[in-house]
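Report on the following structure.
The values are calculated or read from the model by the stated rules, or taken from the named source; none is laboratory data. Predicted model, so just to flag it, every value in this text is computed and none were measured. Here Cβ is always computed from backbone atoms with ideal geometry, including for glycine, and neighbour counts include all displayed protein chains. Only protein heavy atoms, including side chains, enter the accessible area calculation; ligands, DNA and RNA are left aside. Shrake-Rupley method; radii C 1.70, N 1.55, O 1.52, S 1.80 Å.
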Amino acid sequence: GVAVAACTVAALVVGRRVRSRRKWKRVVGVLKEMEESCETTVGRLKQVVDAMAVEMHAGLASEGGSKLKMLLTFVDNLPSGSEKGIFYALDLGGTNFRVLRVELGGQRSDLDPDVEQQPIPEQLMTGRSEDLFDFIASSLYQFVEKNDSVQSPITKLLGFTFSFPVKQTSVSSGVLIKWTKGFAIRDMVEKEVAGALQQALTRKGLNMRVSVLVNDTVGTLALGHYHDADTVAAVIIGTGTNACYWERTDAIIKCQGLLTTSGGMVVNMEWGNFWSSHLPRTSYDIELDAESPNPNDQGFEKMISGMYLGDIVRRVILRMSEESDVFGPVSSRLYLPFTLRTPLMAAMHEDDSPELTQVARILKDVLDIPDIPLKARKLVVKICDVVTRRAARLAAAGIVGILKKIGRDGSGGITGGRSRSDIKMRRTAVAVEGSLYTQYTMFREYLHEALNEILGEDIARHVVVIVTEDGSGTGAALLAASHSSE
């Protein structure tokens, strides 16, 4: 009897182990499949580089010729560092707006702007445009009053960062295409943006001229160029992502006859919308896109920006939970889109404690998955790693795509990225801003590693990534300065 009982217990233990092994095998299978779908070999990244350069050419050739809008900014002068005087900026890009004052003394003087931030009352985000701009003009008036004479006969120059989709018509004017980020002021759509602000400033009796209208990416390029004259492109990788760069005017075919004294112009790529069959897309990306408010749009952004990475990880954990109970019963929170935000995903990814206590805490508090074994926690870290690595490597490929388009990648324009030893590489700087790059160490390391792999170490040595802070505000004031003679 004892022997029979012992055999029964042994059989139960073995059976449980076999079942547990099968469950684990299923989960590991999901991870393996995902890793393969996210694969970013150097060969594949070079195909993305080539596709980016081709799409840039197409977008410059004709309106609607590419998924990349390649918008003209009419910014044909970047700050040189010799600018002098006092310049203002207004940064409106979300539910807050900021006003800035920058004093420039020439010789790339240190920038120490005065900054004030104010929330926009909710009713002004959906009311009349006149009310919104009157509110902003009043705040600007009070801000100027603290530092300068409001009644001064000298016209003050203002750089206006407006981070909403705009069709630019000159360096200081553009028409609003549509509102985003919770704004819905109907009477402003298809109207001239800087003009509406200018009228409010005049009504307020403020002697100030809106001299440039830009978006945050262009401001970042301006700030980067102010500090380092070799800066040719700017990339923002935060909640969203975008890039702009300096292009020769004669390469902008869709505007033949366009002349600028500098022979060049900043082009706003709107690269979040880039798409290519070479992008490593998974079933999770397809689901995320289908369920998003903008399906078939912003495909590149959905793979590389902070808005989405945490949600891709959530979807993978959900799939594993449905396949097996290694995470216990399926948590209802796993079904809620965007429950797991990217900063929390980054915290799990960078948890270096032996027991992965941060991972355990976030799974319990945020996703309602308590008490999972250490090996399941390690699995979660691995998922975060795969998603982040792919994002950072694709962002790097995008950057090299820009360098290739302007002949700064060492290939001399040869498709396939083969470098030529007879080309003298110039030092090239790329300004980068955004929390994903500045605050997420693993993302940053993977991006730099990929730049080295794609370009090869000899070329990569000549490419520097510089972090800028507050291009959207300070950069706009600098652009007001560099366009002050116009």
Quick one: count up the residues across the stretch 166-201 that are in contact with a strand residue (DSSP E or B) (Cβ under 9 Å, 6 or more places away or on another chain) and open to solvent by 70 Å² or more (accessible area, probe 1.4 Å).
5
Only residues that are more than 25 Å from V465 (Cα to Cα), in contact with a helix residue (DSSP H, G or I) (Cβ under 7 Å, 6 or more places away or on another chain) and not in a loop (DSSP other than H, G, I, E, B): list them for the stretch 252-276, please.
I253, K254
Breaking point among (1) crowded, with 16+ Cβ neighbours inside 10 Å; (2) modelled with pLDDT under 90, for D148
(1)
Quickly run through the stretch 58-74 and pick out the residues that are in a loop (DSSP other than H, G, I, E, B), open to solvent by less than 40 Å² (accessible area, probe 1.4 Å) and over 15 Å from F274 (Cβ atoms).
T73
What are the residue pairs meeting all of these: first residue in the stretch 236-264, first residue in contact (Cβ under 8 Å) with a residue 24 or more places away in the chain and crowded, with 18+ Cβ neighbours inside 10 Å, second residue of a type in the set (K, R) and part of a helix (DSSP H, G or I), Cβ atoms under 9 Å, and 6 or more apart or on different chains?
Y245/K405; E247/K405
Those residues of the stretch 344-362 which are closer than 18 Å to K302 by Cβ and either touching a Gly at 6+ places or on another chain (Cβ under 7 Å) or of a type outside the set (A, V, I, L, M, F, W, C) (or both) amount to M345
Can you run down the residue pairs with Cβ atoms below 8 Å, 6 or more apart or on separate chains, where the first is in the stretch 126-145 and under 13 Å from T202 (Cα atoms) and the partner is surrounded by 14 or more Cβ atoms within 10 Å (Cβ to Cβ) and basic (K, R)?
D134/K204; A137/K204; S138/K204; L140/K204; Y141/K204
Search the stretch 80-99 for residues being among the charged types (D, E, K, R) and buried (at least 20 other Cβ atoms within 10 Å of the Cβ), and hand back the single one that is nearest to Y226 (Cα to Cα).
E83
Matching residues in the stretch 122-139 - criterion: being within 28 Å of the chain's Cα centre (by Cα) and open to solvent by 40 Å² or more (accessible area, probe 1.4 Å):
E122, T126
Scope the stretch 380-399; condition open to solvent by 10 Å² or more (accessible area, probe 1.4 Å) and farther than 19 Å from G456 by Cα; matching residues
V381, K382, D385, V386
Checklist (1) modelled with pLDDT under 95; (2) farther than 16 Å from K375 by Cβ applied to T41, failing item:
(1)
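Could you list all residues from the stretch 459-486 that are in a loop (DSSP other than H, G, I, E, B) and touching an Asp or Glu at 6+ places or on another chain (Cβ under 6 Å)? Reasoning before the result, please.
First pass over the stretch 459-486, keeping only residues in a loop (DSSP other than H, G, I, E, B): 461-462, 468-470, 483-486.
Correct list: T468 only.
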Tell me yes or no: at least one residue of the stretch 332-355 is more than 29 Å from the chain's Cα centre (by Cα) and not small (G, A, S).
yes
Out of (1) surrounded by fewer than 20 Cβ atoms within 10 Å (Cβ to Cβ); (2) part of a loop (DSSP other than H, G, I, E, B), the one L279 does not meet is (1)
Of all residues in the stretch 140-168, which are under 28 Å from the mean Cα position of the chain (by Cα) and polar (S, T, N, Q)?
T161, S163, Q168
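Let's see how each residue does on (1) among the aromatic types (F, W, Y); (2) over 22 Å from the mean Cα position of the chain (by Cα):
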site	(1), (2)
W179	yes, no
I236	no, no
R248	no, yes
I253	no, yes
T260	no, yes
E270	no, no
L279	no, no
Does the stretch 293-308 contain any residue that is aliphatic (A, V, I, L, M) and modelled with pLDDT under 95?
yes
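Is it the case that some residue within the stretch 315-330 is closer than 27 Å to A51 by Cβ and modelled with pLDDT under 95? Please lay out each step first, then the result.
Step one: list which residues in the stretch 315-330 are closer than 27 Å to A51 by Cβ, which gives 315-316.
Add one more test, that the residue is modelled with pLDDT under 95, and what stays is none.
Within the stretch 315-330 (the criterion being closer than 27 Å to A51 by Cβ and modelled with pLDDT under 95), the answer is no, since none of the residues qualifies.
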Name the residues in the stretch 459-477 that are under 16 Å from V75 (Cα atoms) and within 15 Å of the chain's Cα centre (by Cα), would you?
G471, S472
Lone unmet requirement of (1) modelled with pLDDT of 95 or more; (2) farther than 23 Å from R44 by Cα for H278:
(2)
Top-ranked residue in the stretch 282-303 [being among the polar types (S, T, N, Q) and either in a loop (DSSP other than H, G, I, E, B) or crowded, with 23+ Cβ neighbours inside 10 Å (or both); ranked as nearest to the chain's Cα centre (by Cα)]:
Q298
